[in-house]
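Input: a single structure, listed below in structure tokens.
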Amino acid sequence: MLFAHNGVIRDLEALEAQVGRDMRFVGGDTDSERYFALIAKEIRTRSSIGAGISAAVGWIARNLPLYSINFVLATADELWAFRYPETDRLFVLEREAGGGYGRDLHHVSGALRVHVPDLHRHPAVVVASEPLDDTPGWRPLESGELVRVRSDLSIRSSIVVDSPPAKPIRLAGSTAGRSSPGSTRS
């Protein structure tokens, strides 16, 4: 599995206690590594990616101070994306070949440069923290929404956390609903 997290989780000691013996797989000191370890542990315990993710994010939402726990998780044949809570955005786009315009995906902003030339020939599902082009159909995920993209590019989604965080934190200089460059480290 490949995991990318955008956000901040605090009280890493409590998170480490929940991860338990699986902390032996964590080599670094970031909240993201511990978050991924908890998700991996819950997936293994429940023998289901969706159930494991739901258990892990639900526990974090109920027990830890957090700013955002958005993530993308890729397996050999699926992509999973999760947004929680409203603080940082996450978008999904079901993109036909060429994005409806017969062109590749290209985006440049102050903090991001994305160029995927083969998307003028292939359909795709794109998950991003901001719309990357003017292709119609970029959809913001709801808070607590878990999206599953299968290898045939079919999408299923559901709300797996439907209450606000028990211990929300606010980062200096952040604006709810917008990503804050430089605010992803704890």
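The values are calculated or read from the model by the stated rules, or taken from the named source; none is laboratory data. This structure is a prediction, so every number in the text was calculated from the model and none was measured. A quick note on method: Cβ atoms are made from the backbone with ideal geometry, for glycine too, and the neighbour counts reach across all protein chains shown. What goes into the accessible areas is simple: the full protein's heavy atoms, side chains included, and nothing from ligands, DNA or RNA. Shrake-Rupley method; radii C 1.70, N 1.55, O 1.52, S 1.80 Å.
Observations on the model:
- Distances between placed amide hydrogens fall under 5 Å for ILE169 paired with LEU66, TYR67, all partners being 5 or more residues away or on another chain.
- Between the beta carbons of ARG62 and ALA172, assuming R0 = 30 Å, the FRET efficiency works out to 0.75 to the nearest 0.05.
- Cα-centred dipole magnitude for segment 1-137, charges only on beta-carbon of K, R (+1) and D, E (-1), debye, nearest 20: 300 debye
- Viscosity 0.890 mPa s, temperature 25 °C, Stokes-Einstein D of the chain from Kirkwood C-alpha radius, µm²/s: 143 µm²/s
- Across segment 50-160 the C-alpha pair distances fall into 5 Å bins from zero in the proportions 2, 11, 21, 21, 20, 12, 8, 3, 1, 0 percent.
- Protein heavy-atom surface of the chain, 1.4 angstrom probe: 50% of the accessible area is carbon and sulfur, with nucleic acids and ligands not counted.
- Pairwise FRET efficiency - PHE3 versus HIS115, Cβ, R0 = 30 Å, nearest 0.05: 0.80
- Antiparallel bridge percentage (DSSP; both residues within the chain; nearest 5): 95 percent
- Cα extents of segment 8-84 along the three principal axes, largest first (Å): 32, 26, 20
- Per residue accessible area of the chain, 1.4 Å probe, in Å²: 52 Å²
- The trypsin sites (Lys or Arg not before Pro) of segment 38-136 that DSSP puts in a loop, and whose beta carbon has at most 10 other beta carbons within 10 Å, are ARG121.
- Reported to the nearest whole Å, the Cα centre-to-centre distance from segment 149-167 to segment 1-74 is 16.
- GLU78-ARG10 pseudo-label distance in nm [points 7 Å out on the Cα-to-Cβ vector]: 3.4 nm
- Rounded to whole Hz, the Karplus (6.51, -1.76, 1.60) HN-Hα couplings of segment 133-149, x for glycine and proline: 7, 8, 4, x, x, 4, 10, x, 5, 7, 4, x, 7, 10, 10, 10, 10
- For the options GLY20, GLY28, GLY52, a Gaussian network treatment of the chain with springs between C-alpha atoms closer than 10 Å singles out GLY28 as fluctuating the most.
- For ARG95, residues with placed amide H under 5 Å, excluding near neighbours: ALA124, VAL125, VAL126
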